[in-house]
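Notes follow the structure.
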Amino acid sequence: AGAAAARPAAGRSMRMETTHQVAVKNFPLRMMLAAAYNLTPKAVAGGPSWLDSDGYDVLGETPGSVRPTFEEQMTMLRKLLAERFNLTLHRTEKEFSIYALTVARGGPKLLAAASTPSPAGAPLLYFMLSPQSAKLTARSATMFEVAWAMQRTALDRPVVDKTGLPGRYDVDLEWTPDEMQFAGNRRTFAGEVEHPNPGLFEAIQEQLGLRLDATKGPIETIVIDKVTRSTEN
């Protein structure tokens, strides 16, 4: 695996390139740590300013003949970041503004997964974002994984799964995002026709029978004790 230093913020991505190759493009270290520890960047405390400004590329090859699970991928990413950035940190619990994902009155409107995820990979779960709408598509995903995706990509605070729903589901959720979602990356155009979809909080209740409630709760955060700026390699 390797890391390449500072670049402008445009063109960021994190994905499995092949069954055994994880590619991170132009991510600041704080954002990589947030992804690796299933946190929002605000829950990664400490460290110098370059943790937010320097963009890094990481290319990691995973061992073995079977594609690692998502948790195994993140464990390997945590180890890689610790080695490459001479990183030490500690965990602590902190009261945080969160969104609690719960079941709405009337019960869930979820479809049981049509198939189980293959041993070779994680569930299909992705966002599509246009000027008028946002769509989350998930196949064979748990509620924890749906909450994680919303937290990582769409919302500005931790999302905690409190549905108590076991099993895996196929999810199609479409809404009109506001300026606080997707880090403000929704562009509008002069003369565009407003999309008929409701906002996220209404859509998740109407379409999935779930709720997103803004509240406060204890969240495990990480605090950076030591970190060294990595050079290109």
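The values are calculated or read from the model by the stated rules, or taken from the named source; none is laboratory data. None of these values were measured; they are calculated from a predicted model. Quick reminder, even Gly has a Cβ in these numbers, built from the backbone with ideal geometry, and neighbours come from all protein chains shown. Heads up: the accessible areas ignore ligands, DNA and RNA and are worked out on the full protein's heavy atoms, side chains in. Shrake-Rupley method; radii C 1.70, N 1.55, O 1.52, S 1.80 Å.
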With VAL160 itself left out, Lys, Arg at +1 and Asp, Glu at -1 over residues whose Cβ is under 14 Å from its Cβ give 0
Residues whose placed amide H lies under 5 Å from that of THR62, excluding near-sequence neighbours: GLN21, VAL22
Where labels lie 7 Å past Cα in the beta-carbon direction, separation of LEU124 and ARG105 in nm: 3.7
Rank these residues by their accessible area, most exposed first, probe 1.4 Å: SER130, SER53. SER53, SER130
R0 of 41 Å, Cβ-Cβ distance THR88-MET180: FRET efficiency to nearest 0.05: 0.75
I'd like to compare 90-96, 211-217: which one has the highest average count of other Cβ atoms within 10 Å, and what's the full order after that? 211-217, 90-96
All other residues with a Cβ under 14 Å from the Cβ of LEU39 taken together, and with Lys, Arg as +1 and Asp, Glu as -1, what is their net charge? +4
From most to least accessible, 1.4 Å probe, no ligand or DNA/RNA atoms counted, THR102, THR221 line up as THR102, THR221
Violations at 20 Å Cα threshold for listed pairs LYS109/LYS162; LYS109/LYS216; LYS42/LYS135; LYS162/LYS216; LYS25/LYS79 -> LYS109/LYS216; LYS42/LYS135
Stretched fully, the stretch from LEU59 through ALA45 gains (0.36 nm per residue minus C-alpha distance, one decimal, in nm) 2.5 nm
Taking every other residue with Cβ under 14 Å from the Cβ of LEU111 and scoring Lys and Arg +1, Asp and Glu -1, one gets +1
If the chain between PHE144 and ALA214 were fully stretched, how many nm would it gain, using 0.36 nm times the residue separation less the Cα-Cα distance? 23.5 nm
To the nearest 10 square angstrom, how much accessible area does LYS109 have with a 1.4 angstrom probe? 120
Tell me the accessible surface of VAL160 in square angstrom (1.4 angstrom probe, heavy atoms of protein chains only), to the nearest ten. 40
Taking only protein heavy atoms and a 1.4 Å probe, the highest-to-lowest accessible-area order of TYR169, TYR56 is TYR169, TYR56
To the nearest 0.05, the calculated FRET efficiency linking SER115 and LYS135 through their beta-carbon distance, R0 being 22 Å, is 0.60
Which FRET efficiency, nearest 0.05, do GLU71 and ARG229 yield, Cβ-Cβ r, R0 35 Å? 0.80
